[in-house]
1. Mind listing whichever residues of the stretch 73-91 are open to solvent by 30 Å² or more (accessible area, probe 1.4 Å) and either among the β-branched types (V, I, T) or on the phi < 0 side of the Ramachandran plot (or both)?
2. Kindly indicate which of A70, A94, A37, A31 is open to solvent by 40 Å² or more (accessible area, probe 1.4 Å) and aliphatic (A, V, I, L, M).
3. Looking at this structure, is S33 out of contact with any helix residue (DSSP H, G or I) (no Cβ under 6 Å at 6 or more places or on another chain), under 19 Å from R102 (Cα atoms) and assigned to a helix (DSSP H, G or I)?
4. Given the criteria within 30 Å of Q101 (Cα to Cα), among the charged types (D, E, K, R), open to solvent by 50 Å² or more (accessible area, probe 1.4 Å) and part of a loop (DSSP other than H, G, I, E, B), does E47 qualify?
5. Could you tell me which residue of the stretch 50-67 is farthest from A108 (Cα to Cα), considering only residues that are in contact with a Lys or Arg (Cβ under 9 Å, 6 or more places away or on another chain) and either in contact (Cβ under 8 Å) with a residue 60 or more places away in the chain or open to solvent by 70 Å² or more (accessible area, probe 1.4 Å) (or both)?
6. Could you list, in sequence order, the residues of the stretch 51-110 that are part of a helix (DSSP H, G or I) and of a type in the set (G, A, S)?
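The values are calculated or read from the model by the stated rules, or taken from the named source; none is laboratory data. If you're wondering where the values come from, they're calculated on a predicted model, not measured in any experiment. Here the Cβ positions follow ideal geometry from the backbone for every residue, glycine too, while neighbour counts run over all protein chains shown. What goes into the accessible areas is simple: the full protein's heavy atoms, side chains included, and nothing from ligands, DNA or RNA. Shrake-Rupley method; radii C 1.70, N 1.55, O 1.52, S 1.80 Å.
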Amino acid sequence: MRGKDITLALPTLTPEQRAEALAKAAEARKARSELLASIKSGKESIESVLKRAKENKTVGKTKVTQLLKAVPGLGAVKVAALLEQAGIDPDRRAAGLGERQREALIDALK
């Protein structure tokens, strides 16, 4: 079946299910926003955030690039260089980091 695109129909949601899904998504965005703000303000270190990525769903589903860009003094260019140096894909989410990748990133930020 190579070369053929397969499209799957999305399930039809009832208005209640749709409202519930929208509320859940809004809640997740708010939690992610608060997380990034706490990193930006210095309330939380990137080290502590990365260490709880496996247990915390909000942290785990956030892209590492987003988390790093929230660190004061790190912009897009520095973040890209850090990720390349640590061998981490820019699209990787925090929960998907391996132990070595996480340690390499934390060491590079010290």
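1. Keep residues of the stretch 73-91 that are open to solvent by 30 Å² or more (accessible area, probe 1.4 Å), which gives 73-78, 80-81, 84-85, 87, 89-91.
Matches in the stretch 73-91: L74, G75, A76, V77, K78, A80, A81, E84, Q85, D89, P90, D91.
2. Numbers: A70 fails: open to solvent by 40 Å² or more (accessible area, probe 1.4 Å); A94 fails: open to solvent by 40 Å² or more (accessible area, probe 1.4 Å); A31 fails: open to solvent by 40 Å² or more (accessible area, probe 1.4 Å).
So the residue among A70, A94, A37, A31 that is open to solvent by 40 Å² or more (accessible area, probe 1.4 Å) and aliphatic (A, V, I, L, M) is A37.
3. Values: out of contact with any helix residue (DSSP H, G or I) (no Cβ under 6 Å at 6 or more places or on another chain): yes; under 19 Å from R102 (Cα atoms): no; assigned to a helix (DSSP H, G or I): yes.
For S33, the condition - out of contact with any helix residue (DSSP H, G or I) (no Cβ under 6 Å at 6 or more places or on another chain), under 19 Å from R102 (Cα atoms) and assigned to a helix (DSSP H, G or I) - is not met.
4. Working: within 30 Å of Q101 (Cα to Cα): yes; among the charged types (D, E, K, R): yes; open to solvent by 50 Å² or more (accessible area, probe 1.4 Å): yes; part of a loop (DSSP other than H, G, I, E, B): no.
So E47 does not fit the description; no.
5. Here is the first cut: in the stretch 50-67, the ones in contact with a Lys or Arg (Cβ under 9 Å, 6 or more places away or on another chain) are 50-51, 53, 58-66.
Adding the requirement that they be either in contact (Cβ under 8 Å) with a residue 60 or more places away in the chain or open to solvent by 70 Å² or more (accessible area, probe 1.4 Å) (or both) leaves 51, 61, 66.
Values: K51: 15, K61: 22, Q66: 17 Å.
Step by step, filter the stretch 50-67, then rank; the result is K61.
6. First, pick out the residues of the stretch 51-110 that are part of a helix (DSSP H, G or I): 51, 57-60, 64-69, 76-86, 94-96, 99-109.
Result: G60, A76, A80, A81, A86, A94, A95, G96, A104, A108.
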